[in-house]
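Shown next, in structure tokens, is the structure this report addresses.
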Amino acid sequence: MPAPPLRTRDYLSTPVTLYPQELVWGYVREAASPTPAHQRVVGELFIRLRQHLRETGAGDVWLSPLDVVLDDERDLVVQPDLCVVLAEHADRVTDRIWGAPDLVVEVMSPRPRIGTLEERLTWFATYGVRECWLVHLPGSSIEVVRFENERRISRTFGPIDAIRSSVLPGLVLRPLEVVSDLR
């Protein structure tokens, strides 16, 4: 018999864990730990985003596992690989991120570790994430998905293409700088 659903407050009071897990409509979903290739890419992107955000003062980047409470009432808590919260939304970051980050990064290796891509993109669009980067392993490409009024606008950047971000317009980054099939 399945466990009864958890409320967000109950989920957030469970013991701290470093295992990837999320609360989806009251039910905990867990995943195995990521691969070394996945972690290398997450680390490289974190360093590059952090450097850009510090230089510009635009905001901060957060590394998983960190709970992002998208819907407290409906018990939806996710843990994207990386979250960027711009300075004007810094109040969303307290003991967790309460509300939508401005940008999330999901390293696909070859798919999200928890849930399906379609449900994740739907949640991000519905709850106000402005942009999602899907890093494709293998492939050395990054797909940038913008959300406008729950509509998705997607563009894939190949290994040497300069990424264009509506959330971080001054960022200069090429997928090959952080993703390489040869690593």
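The values are calculated or read from the model by the stated rules, or taken from the named source; none is laboratory data. Computed from a predicted structure; not experimentally measured. Note that each Cβ is placed from the backbone with ideal geometry, even for glycine, and that neighbours are counted across all protein chains shown. Areas reflect the complete protein model, heavy atoms only, side chains present, ligands, DNA and RNA absent. Shrake-Rupley method; radii C 1.70, N 1.55, O 1.52, S 1.80 Å.
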- Using the Karplus equation 6.51 cos²θ - 1.76 cosθ + 1.60 (θ = phi - 60°), what ³J(HN,Hα) coupling, rounded to whole Hz, does each residue of the range 84-100 give in order, writing x for Gly and Pro? 10, 10, 6, 4, 5, 10, 4, 5, 6, 9, 10, 7, 8, 9, 9, x, 6
- Semi-axis lengths, Å, the range 75-183, gyration tensor of Cα atoms, sqrt of 5 times eigenvalues: 23, 16, 13
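Given a 1.4 angstrom probe, I'd like the percentage of the accessible area of the range 131-183 that is carbon and sulfur, rounded to a whole number. Don't jump to the answer; show the numbers that get you there.
Numbers: 1390 of 2780 Å².
Reported share for carbon and sulfur atoms: 50 percent.
Accessible area per residue for the range 45-133 in Å², computed with a 1.4 Å probe and the full protein assembly in place, what is it? Each step should come with its number before you reach the end.
Details: 3710 Å² over 89 residues.
Heavy-atom accessible area per residue stands at 42 Å².
Just check the range 112-171 against the gyration tensor rule for me: Cα atoms, a ≥ b ≥ c as the square roots of the eigenvalues, rounded for a/c under 1.5, and otherwise prolate or oblate depending on whether a/b exceeds b/c.
Working: a/c = 2.43, a/b = 1.22, b/c = 2.00.
It comes out oblate by the Cα gyration axes.
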- Message: What do you get for the angle between helix 36-56 and the principal long axis of the chain? Use alpha-carbon atoms, 0 to 90 degrees, nearest ten.
- Response: 70 degrees
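Could you calculate, for the chain, the ratio of the Cα radius of gyration to the Kirkwood radius, expressed as Rg to Rh? Provide the component values of the computation, followed by the final result.
On the way: Rg = 15.9 Å, Rh = 16.7 Å.
My calculation puts Rg/Rh at 0.95.
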- 10 °C / 1.306 mPa s Stokes-Einstein diffusion coefficient of the range 70-134, Kirkwood radius on C-alpha pairs, µm²/s: 130 µm²/s
- Query: Per residue of the chain, what 222 nm ellipticity follows from adding -39500 (n - 2.57) for every DSSP H run with n ≥ 4, rounded to the nearest 500?
  - Reply: -6500 deg cm²/dmol
- Note on the structure: With a 1.4 angstrom probe the carbon and sulfur portion of accessible area for the range 1-82, in percent, totals 55 percent
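Could you tell me which of rounded, prolate or oblate describes the range 58-103, using a ≥ b ≥ c as the square roots of the eigenvalues of the alpha-carbon gyration tensor, with rounded for a/c under 1.5 and, failing that, prolate when a/b is larger than b/c and oblate otherwise? Mind dumping the intermediate values first?
Details: a/c = 2.10, a/b = 1.40, b/c = 1.50.
Oblate shape, in that a/c is at least 1.5 and b/c is the bigger or equal ratio.
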- Contact order normalised by residue count of the range 1-126, Cα under 8 Å, 6+ apart, percent: 24 percent
- With Cα coordinates, the longest principal axis of the chain makes an angle with the long axis of helix 117-127, in degrees rounded to 10, of 80 degrees
- Message: If you split all Cα-Cα distances of the range 1-108 into 10 Å bins from zero, what percentages do you get per bin, shortest first?
- Response: 14, 43, 32, 10, 1, 0
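Can you give the charge dipole size of the range 98-167 about its Cα centre, rounded to the nearest 20 debye, using +1 on the beta carbon of Lys and Arg and -1 on the beta carbon of Asp and Glu? Please report the intermediate quantities before stating the final value.
On the way: 9 positive and 9 negative charges, 12 e Å.
Using only the charged Cβ atoms, the result is roughly 60 debye.
Name the shape class, rounded, prolate or oblate, that the alpha-carbon gyration tensor gives for the range 36-85, where a ≥ b ≥ c are the square roots of its eigenvalues, rounded holds for a/c under 1.5, and otherwise prolate holds if a/b is larger than b/c and oblate otherwise. Mind dumping the intermediate values first?
Numbers: a/c = 4.83, a/b = 1.43, b/c = 3.37.
Oblate, because a/c is 1.5 or more while a/b does not exceed b/c.
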